[in-house]
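Have a look at the structure below, then the notes.
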Amino acid sequence: MNAIFTRRSIREYDSRPVEPEKLDRILRAGMQAPSAMNRQPWEFLVVTRPETIQTIASLSPYAKPAARAPMVLVPLVNLQVAGEKNRFWVQDLSASVQNILLQITEEGLGGCWMGIYPDESRTQALHDALHLPKQVLPFAMISIGHGLQENHWVDRYQPDKIHYETY
Ligand SMILES: Cc1cc2nc3c(=O)[nH]c(=O)nc-3n(C[C@H](O)[C@H](O)[C@H](O)COP(=O)(O)O)c2cc1C
């Protein structure tokens, strides 16, 4: 089965760093996503410095996986590039994050999406901790590493959620 089916949230990692060539393909996958009007409003902050990882992991009660990871990717939206009236950037960034998670799986690594935006306090705290400029917002955190658990398939197919022609 391909990465779509086997991808899981992997929250524990061994101490090995993420190989640069794998990171390159992961970031390429993130930038390959569809985006409204093809604006590609994403940017990415790659964090490996342990002090920074500990700081950003402490900003959300649900960000424990980050504290255990050798690398955290922070997908960012550049609101100037997205455009003032364009609110589709949330979907753009979501598609990019999913591409990244799938490529992480493809590379034999483990990753976990940790929600930041639209929680206002988490977004503001991460923005401040990373000293981001005003037109740039952090969207999520993605921990990446060599997982202590394997990606594996769980069956979520529910035929009763599909409606044909009418609800
Ligand atoms: C928008 C979003 C936010 C999430 N935030 C967190 C989080 O803060 N911490 C965490 O450990 N997992 C987080 N997750 C991962 C979900 O808990 C996980 O995807 C879900 O339980 C399904 O498990 P799976 O990813 O292994 O298939 C998030 C997932 C999404 C899509």
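The values are calculated or read from the model by the stated rules, or taken from the named source; none is laboratory data. This structure is a prediction, so every number in the text was calculated from the model and none was measured. Reconstructed Cβ throughout: ideal geometry from the backbone, glycine too, with neighbour counts over all protein chains shown.
Candidates in the range 58-92 are the residues that are closer than 30 Å to Leu148 by Cβ and polar (S, T, N, Q); of these, the one that is modelled with the highest pLDDT is Ser58.
Write out, first by first residue and then by second, each pair whose Cβ atoms fall under 6 Å of each other, whose residues are 6+ apart or on separate chains, and whose first residue, in the range 129-158, is within 16 Å of the ligand (Cβ to nearest atom) and of a type outside the set (A, V, I, L, M) while the second is in a loop (DSSP other than H, G, I, E, B) and at pLDDT below 95. Listed pairs, sorted by first residue: Trp153/Met1. Restricting attention to the range 1-17 and to residues that are within 16 Å of the ligand (Cβ to nearest atom) and among the polar types (S, T, N, Q), the residue that is farthest from Ala69 (Cα to Cα) turns out to be Asn2.
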